[in-house]
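Following: one structure in structure tokens, then a few remarks.
The values are calculated or read from the model by the stated rules, or taken from the named source; none is laboratory data. Remember, predicted model here, so these are calculated numbers, not experimental data. Virtual Cβ from ideal backbone geometry, glycine too; neighbours counted across all protein chains shown.
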Amino acid sequence: NAGVTQTPKFQVLKTGQSMTLQCAQDMNHNSMYWYRQDPGMGLRLIYYSASEGTTDKGEVPNGYNVSRLNKREFSLRLESAAPSQTSVYFCASTQVEGVNGYTFGSGTRLTVV
Amino acid sequence: QKEVEQNSGPLSVPEGAIASLNCTYSDRGSQSFFWYRQYSGKSPELIMSIYSNGDKEDGRFTAQLNKASQYVSLLIRDSQPSDSATYLCAVMSRDDKIIFGKGTRLHILP
């Protein structure tokens, strides 16, 4: 009963490097989300996918791209990492937004130096 | 700008007492309301959802919603040290967007 699985759990990048954060859910949920959480800022939505084949920008999309590979998987890519992207990243999913709550993955702690 | 406001805390409550966590929201047309618990270094975990005015009880937790006052609260009865965490309020606005508050840190004193 895995729920939402995120990889990696920790990552250190140098400024300018790229990486992809992976997220997969096994609950047959339609909607998936990427959030970042910073001290004092709360959870901020980066991108979301309401259903397979669609993606939309959230509150803080600059510097990120996403891919909804299939119904299970939703990846987040940093093309050229910046120190401002140091954060904890959470993937989440839900069956029907606003009806069911979110199930969150365990998070990725990213440091950009 | 739709907002969800929570007192950041920390809120200190003696073990066995009732902890009361509050949340206000700006969008009067908001439809759905959620409470998440987040332990330090962990991910948020859904503990309660509420959709209509009044109280909803689940074990030691009671969610209260007052749409006229744009106010939602979470009561934790018989508080335990394991309840020490940050509690996030989340509100679904009329345009189907979930907005999270910044959370209230709760500390249960043994």
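Of the numbered conditions (1) on the phi > 0 side of the Ramachandran plot; (2) at pLDDT 95 or above; (3) more than 11 Å from the chain's Cα centre (by Cα), B:Asp96 satisfies every one except a single condition; which is it?
Unmet condition: (2).
Out of A:Ser80, A:Ser51, A:Ser75, I need the residue that is modelled with pLDDT under 95 and small (Gly, Ala, Ser). Which one?
Details: A:Ser80 fails: modelled with pLDDT under 95; A:Ser75 fails: modelled with pLDDT under 95.
Within the list A:Ser80, A:Ser51, A:Ser75, the selection yields A:Ser51.
In the range B:55-103, how many residues are within 14 Å of another protein chain (Cβ to nearest Cβ), of a type outside the set (A, V, I, L, M, F, W, C), within 20 Å of B:Asp27 (Cα to Cα) and surrounded by 18 or more Cβ atoms within 10 Å (Cβ to Cβ)?
Residues in the range B:55-103 being within 14 Å of another protein chain (Cβ to nearest Cβ), of a type outside the set (A, V, I, L, M, F, W, C), within 20 Å of B:Asp27 (Cα to Cα) and surrounded by 18 or more Cβ atoms within 10 Å (Cβ to Cβ): 4 in total.
Considering only residues of the range A:78-113 that are hydroxyl-bearing (Ser, Thr, Tyr) and within 14 Å of another protein chain (Cβ to nearest Cβ), which is farthest from A:Gln37 (Cα to Cα)?
Here is the first cut: in the range A:78-113, the ones hydroxyl-bearing (Ser, Thr, Tyr) are A:80, A:84, A:86-87, A:89, A:93-94, A:102-103, A:106, A:108, A:111.
With within 14 Å of another protein chain (Cβ to nearest Cβ) added as a condition, the list becomes A:87, A:89, A:93-94, A:102-103, A:106, A:108.
Details: A:Ser87: 6, A:Tyr89: 6, A:Ser93: 16, A:Thr94: 19, A:Tyr102: 15, A:Thr103: 16, A:Ser106: 12, A:Thr108: 10 Å.
Checked the range A:78-113; the qualifying residue farthest from A:Gln37 (Cα to Cα) is A:Thr94.
Assess whether A:Ser67 counts as being buried (at least 16 other Cβ atoms within 10 Å of the Cβ) and either more than 12 Å from chain B (Cβ to nearest Cβ) or on the phi < 0 side of the Ramachandran plot (or both).
Values: buried (at least 16 other Cβ atoms within 10 Å of the Cβ): no; either more than 12 Å from chain B (Cβ to nearest Cβ) or on the phi < 0 side of the Ramachandran plot (or both): yes.
Criteria not met by A:Ser67.
Based on this model, can you work out whether B:Asp78 counts as among the acidic types (Asp, Glu) and in contact (Cβ under 8 Å) with a residue 60 or more places away in the chain?
Working: among the acidic types (Asp, Glu): yes; in contact (Cβ under 8 Å) with a residue 60 or more places away in the chain: yes.
When the stated conditions are applied, B:Asp78 passes them.
Scanning for something of a type in the set (Ser, Thr, Tyr) and under 30 Å from A:Lys57 (Cβ atoms), does the range B:56-78 turn up at least one residue?
Among the residues of the range B:56-78, not one is of a type in the set (Ser, Thr, Tyr) and under 30 Å from A:Lys57 (Cβ atoms), which makes the answer no.
Could you tell me whether the range A:75-88 includes any residue that is under 29 Å from B:Tyr87 (Cβ atoms) and aliphatic (A, V, I, L, M)? Talk me through it step by step, then tell me what you get.
As a first pass, look at the range A:75-88 and keep what is under 29 Å from B:Tyr87 (Cβ atoms): A:76, A:84-88.
Now restrict to residues that are aliphatic (A, V, I, L, M): A:76, A:88.
Yes: one or more hits.
Looking only at the range B:1-44, how many residues end up being surrounded by fewer than 16 Cβ atoms within 10 Å (Cβ to Cβ), more than 18 Å from B:Tyr71 (Cα to Cα) and not polar (S, T, N, Q)?
Of the residues in that region, 9 qualify.
Would you list the strands (runs of 3 or more DSSP E) that sit entirely within chain A and hold 1 or more residues that are more than 23 Å from B:Ser40 (Cβ to Cβ) and touching a residue at least 40 places away in the same chain (Cβ under 8 Å)?
Numbers: elements: A:4-7, A:10-13, A:19-25, A:31-38, A:42-49, A:64-68, A:74-78, A:87-94, A:108-112.
Strands (runs of 3 or more DSSP E) meeting the threshold: A:10-13, A:19-25, A:31-38, A:74-78, A:87-94.
Do you know which residues across the range B:29-54 are within 14 Å of another protein chain (Cβ to nearest Cβ), over 30 Å from A:Phe10 (Cα atoms) and not aliphatic (A, V, I, L, M)? Let's see the steps before the verdict.
Restricting attention to the range B:29-54, the residues satisfying the condition of being within 14 Å of another protein chain (Cβ to nearest Cβ) are B:29-52.
Keeping just the survivors that are over 30 Å from A:Phe10 (Cα atoms) gives B:29-33, B:49-52.
Correct list: B:Gly29, B:Ser30, B:Gln31, B:Ser32, B:Phe33, B:Ser49, B:Tyr51, B:Ser52.
Anything in the range B:1-39 that is in a loop (DSSP other than H, G, I, E, B) and more than 23 Å from A:Thr94 (Cβ to Cβ)? List them, or say none. Reasoning before the result, please.
The first filter runs over the range B:1-39 and keeps only residues in a loop (DSSP other than H, G, I, E, B), leaving B:1-3, B:6-10, B:15-18, B:26-31, B:39.
Passing the criteria: B:Gln1, B:Asn7, B:Ser8, B:Gly9, B:Pro10, B:Glu15, B:Gly16, B:Ala17, B:Ile18, B:Arg28.
Those residues that are more than 14 Å from the chain's Cα centre (by Cα) and either under 13 Å from B:Phe34 (Cβ atoms) or part of a loop (DSSP other than H, G, I, E, B) (or both), I need them from the range B:78-93; list them, please. Even if it seems obvious, please write down each step before you answer.
Narrowing the range B:78-93 to residues more than 14 Å from the chain's Cα centre (by Cα): B:78-82, B:93.
B:Asp78, B:Ser79, B:Gln80, B:Ser93, listed by residue number.
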